[in-house]
1. Which one is modelled with the lowest pLDDT among residues in region A:286-306 that are β-branched (Val, Ile, Thr) and farther than 18 Å from A:Gly204 by Cα?
2. What single numbered condition from (1) touching a Gly at 6+ places or on another chain (Cβ under 9 Å); (2) farther than 30 Å from A:Ala338 by Cβ; (3) within 14 Å of another protein chain (Cβ to nearest Cβ) fails to hold for A:Trp163?
3. Looking at A:Val147, A:Val140, can you tell me which residue is within 21 Å of A:Arg235 (Cα to Cα) and crowded, with 20+ Cβ neighbours inside 10 Å?
4. Under the condition of being surrounded by 13 or more Cβ atoms within 10 Å (Cβ to Cβ) and without any contact (Cβ under 8 Å) to a residue 24 or more places away in the chain, which residue from region B:182-193 is farthest from B:Trp236 (Cα to Cα)?
5. Got at least one residue in region A:68-90 being modelled with pLDDT of 90 or more and hydroxyl-bearing (Ser, Thr, Tyr)?
6. State the number of residues belonging to region A:180-232 that are surrounded by fewer than 18 Cβ atoms within 10 Å (Cβ to Cβ) and either under 30 Å from A:Lys64 (Cα atoms) or touching a Phe, Trp or Tyr at 6+ places or on another chain (Cβ under 6 Å) (or both).
7. Tell me, please, whether a residue that is facing chain A (nearest Cβ under 7 Å) and at pLDDT below 85 can be found in region B:293-310.
8. Among the listed residues B:Leu140, B:Leu161, B:Leu156, B:Leu152, which satisfies the condition of being farther than 25 Å from B:Pro77 by Cβ and either within 14 Å of another protein chain (Cβ to nearest Cβ) or of a type in the set (D, E, K, R) (or both)?
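The values are calculated or read from the model by the stated rules, or taken from the named source; none is laboratory data. What you see is a predicted model, and the numbers here were worked out from it, not measured in a lab. Ideal geometry is used to build each Cβ from the backbone, glycine not excepted, and the neighbour counts take in all protein chains shown.
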Amino acid sequence: MSLTDTGAAERVADNPPPDAGRPRRGLTERLLAVRELSLLIALAALVLVTTLRNDRFLSGQSIKDLLLGCAILVILAVGQTLVIVTRNVDLSVGSILGLVAFATGELFLAAPGTPWPVALLVGVALGALCGVVNGGLIAVARVPALVITLGTLYAFRGVDYYWAAGRQINAADMPRSFLRLGNQTVLGVPVLFLVALVVVAVAGYYLRSYRSGRELYAIGSEPAAARLSGIPVGRRVFAVFVANGALAGLAGVLYAARFGTLDAAAGSGLELQVVAAAVVGGVAIFGGSGSAYGAALGAVLLTTIGSSLAVLRIDPFWQQAVVGALILAAIGLDRLLALRVAARLRGRSAHGA
Amino acid sequence: MAHDSLYAAPPSGADTERPAGRLAGLRGALGTWDTAIVAALVVAVLLAGLSVQNFATGRNAQFLLLDLVPLALLALPMTLIVVTGEIDLSVASVVGLTSTLMGQLWLSSGLSLELICVLVVLIGAVLGAVNGVFITGFGLPSLAVTIGTLALYRGLSFVVLGDQAVADFPASWTAAVVRTIPGTSIPVAVVPVLLLALVFGVVLHATPVGRALYAMGNNDEAATFAGVSVARTKFWLFVVSGAVGGLVGIFWTLRYASARGDNATGLELTVVTAVLLGGVSIFGGRGGLLGVVAGVLLLGVLRNALQLADVDANALTIVTGSLLIVSVVLPNAAADLRARLHRRRRRAHLSAS
């Protein structure tokens, strides 16, 4: 409740100057800021409560584990944000991750001497290729992304299973330098998390400040209007799916580096967690609003809930239920805020007339 | 030029409005889609019967049909929900939760199994009603809500039983579920499925309620103005979906003689696949129950036949995925071709005037 109060207070402060030129933009930004703020508050409260119960929760090792644990989900959530903002969704990310992770292992098996940057590039390229398949099918078939990516969720996973044929790839099959990538830290921060941070920063900056980034929001708000105002909707949506595929590929390589042991089931069911992270992070499921920062925070929050439940000695079986409740709370909160804004905008336009 | 790019741009997300010519074309394609899917089913059965050993045996038919009961039952309410333009991704989690509740009640309550079954269906209906309240009461998107309850209900089902399983159901009950109609190899369980399919079919295709569902799927607002109580109807659809989920929970528990938290995990995507394969549009407003039943059967026959032909069960997901993609790409491509000339003419006419 205090979270919505914060929003209300901010908006009251915003109320006096009814600047006709740009009130909507300021308002939207303010709302986004509120969402990220409320996520940070929730995260801080969670960490605080957990730490009060067990002070080892804030120890260096525990924080390191936490950052390591959320890095992959953060990368996927940021990619998913790009897609959802355009009023699409990509359910195939878990399968892409699994496929790329297995391919990375296979690459090292086939050519043990491969330097890890090459493996990284190959993984990202393979992910992007999967994205091309998604984007291409959506563009050619003119059907909703939900259906196509539901199909490729199965197809990519099936290819993965077919390729793996029950085999498993172990850490011993991969070079040390590559596996170190998954555990190494720089100044106490895991490399994986730094990669995720870079992804968040780049995507966040792009969405906020680039013309094509803003156009993604326009497409998500109203595809028909975006088309009429000269935005190349088809190209943008295609590019978004390729970018998301590439990010899922990146996540797949990092997954291989982190876990070492790979079979064809890697990343199964991850897609719903990714969508959940984005939704909790304030990315509206029907497009047009949300930020990469929010989605990343959502991913961090979901991961932190998992670890703190363990520390709080709450039955780990509760974790998924809490995640579900959180999604419902997040979209409920969004709805409430949207209703208030709508009411206020109505009031304002009536005043203006 | 501008019109050309307009044409080339694919629809993104829930793009519902379409030119009348296209709609007519799609409707034409749809009539043939039902026929096409039934034909594909017949061809698949014949091919499998001729070329796959042990496919055309009574025993195999029994298992094939038994395996399809949950999918077929869940696909019935899902069809109606998708026709109204909504979706329910929580169905498999409802199955899981009702299954564990049934196990827990049997284990500790001392109630008779008959009473427990009634309770479980009622609980399923309540779970569906929770979806309905969030979606119609608070006006939230069903995709986001049911992703939330997917996690919530699955989480709760782990809370109920943890990683334990309840397996000591009376043998008379577990045997009754898999029993066949005397003299045939058709399971008794198929009879209620057919009866329910008949009820859902009649409701959808021969009552004002069914007409209202299509009207909602095509345009919520127009349906409201036409006197359809959109919110109330959708609410009850989700309640029915939950109740059917409870029914499947009972069947699943008795069929495998095991109540576990992970029962039916991931089944929601197969259900959606079957419904879309059956020719129901994810945008709502189009599709029929006959196609869906044929779609369910086609999915089951293909998977069963390939499994008998020693294809790895997991790799079979390629088939599921490709079928789904082909099923949405083909009719749209056909409709596109058909509508192309007409639309060009229309557009030339419009730009001339």
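1. This residue is A:Ile305.
2. (1)
3. Numbers: A:Val140 fails: crowded, with 20+ Cβ neighbours inside 10 Å.
It is A:Val147.
4. Once the filter is applied, the top-ranked residue is B:Val188.
5. yes
6. 16
7. No: zero hits.
8. On the way: B:Leu140 fails: farther than 25 Å from B:Pro77 by Cβ; B:Leu156 fails: farther than 25 Å from B:Pro77 by Cβ; B:Leu152 fails: farther than 25 Å from B:Pro77 by Cβ.
Sole residue among the options that is farther than 25 Å from B:Pro77 by Cβ and either within 14 Å of another protein chain (Cβ to nearest Cβ) or of a type in the set (D, E, K, R) (or both): B:Leu161.
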